Amino acid sequence: MKRVLLALALIGVAFGGANAQVTDLTGGVFIAHYVPEITNSEPPDGWCGQYDVLYAIADHSEQNNRIDTATYQWSAWYVLSGFCEDKQFCGCQFGVGQIPPYIWGFDTGSTQACWPPVAAPSGLELPSGGWPGAGEGTALTSTSGPWDGNYLAVYLMTGYAYGYGYSGIVPLDVNGQTGSGGWTNCEGVPVEFMPAAYGGMGINTDGTYVQPECGGPPQWACCFDDGSCLMLTAVACADAAGVWYVDEDCAVFTCPQPDGACCFTDGTCIVMVELDCMQGGGDYWLIGEVCDPNPCIQPPGACCFPDGTCTMVPQVDCVDPGVWYGGSCDPNPCPFLGTVCCVGSDCFIVFSEGECTGMGGDWYPDEDACDPNPCPPTAADDTSWGSIKALYR
């Protein structure tokens, strides 16, 4: 994370005597912080001097990285060096990345370096040829003592934020002139520490939120395909095939929820997220399932047979000759579908024409009872049907 400074060491002025803790700049970040109270009228001691007096932040959660405007407005925002605890550094460098079109234009007349807040602040700046601007950068070194603290202003960015339906982020980045960024401590041989992250100012959208790494990489909400959430580092989240949400805590953040089959007690199925299913009266929810084919357990219902009997079974189990009616068997909803078959003058109840034909009889589909006997009389009774009579009477 650190290397001997090349660019800044040439112009740096070292201030020795600091202990190792304050000169270890590991885990720092560059923060974009907007202060709406700043107007295009500079106070006598400059807006850089006003940061420590009026606008200093004490925690990364206080950063304001969004400017909203419907048309256009002159705006000013600080570039802050953020650390978990008080640090000392004597130089820094950073830049601006590529800016989406039509959202921001720098005011080169008032953009300025912010030197350490001492009685007579001074320093040296080595900007690139097009600074301030996209793909450009600058390098600073103090000649009046170190920057000392944990959320310190190192630059004031000014310019015009534009609305008119446009939005985007002005990203902080490496110094385009050197391809590097970070801070140099105040040791006799300056050492450069690379930032853990670069913030960005959002125009009509949220900017890039960053926080210093305290005792290791930060842990934020890592969301998985099943909608579950774990607090993990960015690397651990990526290794686990999750999606990392910076500055979100699983205790209060709801991960995007997957669709699934919501099953109701009547066996109906609707695709929705689990929360909507439970709040909408669903009986249970099947993650990732669709409703065609219907995966829901079907409740039993009335299955009617031709003889008028009723059996409670799931619809899938109501097979021919059963007919699905659904609902309950109490009261019995099943119609009696028997018809008369006359074999000679003898009357039998059958349930299809084929059954009657197989008996050698005549089918009377409009009759459904043998009492009184609707069969026409014959000259003699065929006694060979005695066994059949015993079965059907």
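Return yes when D307 is loosely packed, with under 12 Cβ neighbours inside 10 Å, modelled with pLDDT under 90 and not in a strand (DSSP E or B) and no when it is not. In short, no. In segment 40-63, the residues that are modelled with pLDDT of 90 or more form Cβ pairs under 7 Å with partners that are aromatic (F, W, Y), at six or more places apart or across chains, as follows: Y51/Y78; A56/Y151; I57/Y151; A58/Y151; Q63/Y209. You will find that of E192, E213, E248, the residue that is open to solvent by 40 Å² or more (accessible area, probe 1.4 Å), charged (D, E, K, R) and touching a Gly at 6+ places or on another chain (Cβ under 8 Å) is E213 and no other.
Look at G207 and say whether it is touching a Pro at 6+ places or on another chain (Cβ under 6 Å) and within 24 Å of A32 (Cβ to Cβ). Can you show your working first?
On the way: touching a Pro at 6+ places or on another chain (Cβ under 6 Å): no; within 24 Å of A32 (Cβ to Cβ): yes.
Taking the combined requirement at face value, the residue does not satisfy it.
Checked against (1) surrounded by fewer than 16 Cβ atoms within 10 Å (Cβ to Cβ); (2) on the phi < 0 side of the Ramachandran plot; (3) not charged (D, E, K, R), G281 passes all but condition (2).
There is no residue in segment 100-116 that is crowded, with 23+ Cβ neighbours inside 10 Å, in contact (Cβ under 8 Å) with a residue 24 or more places away in the chain, of a type outside the set (F, W, Y) and outside any loop (DSSP other than H, G, I, E, B). Only residues that are modelled with pLDDT of 90 or more and either under 30 Å from P300 (Cβ atoms) or β-branched (V, I, T) (or both) were counted across segment 240-264, and they come to 8.
Okay, residues lined up against (1) out of contact with any Cys (no Cβ under 7 Å at 6 or more places or on another chain); (2) assigned to a strand (DSSP E or B); (3) open to solvent by 60 Å² or more (accessible area, probe 1.4 Å); (4) hydrophobic (A, V, I, L, M, F, W, C):
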| position | (1), (2), (3), (4) |
| --- | --- |
| L140 | no, yes, no, yes |
| D148 | yes, yes, yes, no |
| Y151 | yes, yes, no, no |
| L156 | no, yes, no, yes |
| I169 | yes, yes, no, yes |
| L172 | yes, yes, no, yes |
| Q177 | yes, no, yes, no |
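If you check V340 against the conditions, is it in a strand (DSSP E or B) and either more than 29 Å from G267 (Cβ to Cβ) or among the hydroxyl-bearing types (S, T, Y) (or both)? In short, yes.
Give the residues of segment 284-294 that are on the phi < 0 side of the Ramachandran plot and either assigned to a loop (DSSP other than H, G, I, E, B) or exposed (fewer than 14 other Cβ atoms within 10 Å of the Cβ) (or both), sorted by residue number. E289, V290, C291, D292, P293, N294, listed by residue number.
The values are calculated or read from the model by the stated rules, or taken from the named source; none is laboratory data. Model, not experiment: these values are computed from the prediction. We place every Cβ from the backbone using ideal geometry, glycine too, and count neighbours over all the protein chains shown. Keep in mind that these areas ignore ligands, DNA and RNA; they rest on the heavy atoms of the full protein, side chains included. Shrake-Rupley method; radii C 1.70, N 1.55, O 1.52, S 1.80 Å.
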